[in-house]
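Working notes for the structure below.
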Amino acid sequence: MDKMQELSWSAILEDDTVKKLMVTVRDRTQVRLLEKEAKSKERELDIISQLIKCPKEKFGAFHKSSELFIQSNRDTLIACRETAINSDDISLLFRNMHTIKGNARIFELQYICDAAHETESIYNTLDASKLECIAFDLLLSSLAEVPAALNELSLALIKNP
């Protein structure tokens, strides 16, 4: 990791004239690493608190249905890459993501809800009649955020049964 340094300075005055500058250099690398680790632990605790509110069997059903919606969107995007995207495709993409977001909201799974909302927002901007070339890589990468959030919660559940 790159070193993180902090600089500060103070003027040394004589007769209201700056005669010298005192410069202090602090190595903040370790502090930055500890802050990052603390943020990661905070996120993990937040995820666990979300999972505590959701019964395991309901999370399992939610996980399974979400994977089906994600796969449907992935298949649709891959198919549209080879043909033209149309309004039915856009409606399906949006509806699937909206369903995942709504189900996540019911179980108070905020990280999944946020990821689904971001992806849904991108789909919401699509208009088949105005698009000749779509950045399918952007659509696929935004879709990838949803299973990543889903997997993060699943791993937390496995680590903390």
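Values as computed for the structure displayed
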read-out: Unique match (being without any contact (Cβ under 8 Å) to a residue 12 or more places away in the chain and of a type outside the set (Asp, Glu)) among Ile85, Ile52; value: Ile52
read-out: Residue list for the range 73-110, filter: in a helix (DSSP H, G or I), at pLDDT below 95, among the hydroxyl-bearing types (Ser, Thr, Tyr) and surrounded by fewer than 19 Cβ atoms within 10 Å (Cβ to Cβ); value: Ser87, Ser91
read-out: Tally of residues being assigned to a strand (DSSP E or B) and open to solvent by less than 100 Å² (accessible area, probe 1.4 Å) across the range 3-13; value: 5
read-out: Set Glu57, Glu67, Glu42: member being under 24 Å from Ala156 (Cβ atoms), surrounded by fewer than 11 Cβ atoms within 10 Å (Cβ to Cβ), at pLDDT 85 or above and not basic (Lys, Arg); value: Glu57
read-out: Any hit, the range 24-42, residues being part of a helix (DSSP H, G or I), within 30 Å of Glu120 (Cα to Cα), under 25 Å from the mean Cα position of the chain (by Cα) and among the hydrophobic types (A, V, I, L, M, F, W, C); value: no
read-out: Residue ID - modelled with the highest pLDDT, chosen from residues in the range 119-144 that are of a type in the set (Asp, Glu) and either surrounded by fewer than 16 Cβ atoms within 10 Å (Cβ to Cβ) or not in a helix (DSSP H, G or I) (or both); value: Asp137
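The values are calculated or read from the model by the stated rules, or taken from the named source; none is laboratory data. Note that the structure is a prediction, hence the values are computed from the model and not measured. A quick note on method: Cβ atoms are made from the backbone with ideal geometry, for glycine too, and the neighbour counts reach across all protein chains shown. For the accessible areas, the whole protein counts, side chains as well, though only heavy atoms, and no ligand, DNA or RNA atoms are used. Shrake-Rupley method; radii C 1.70, N 1.55, O 1.52, S 1.80 Å.
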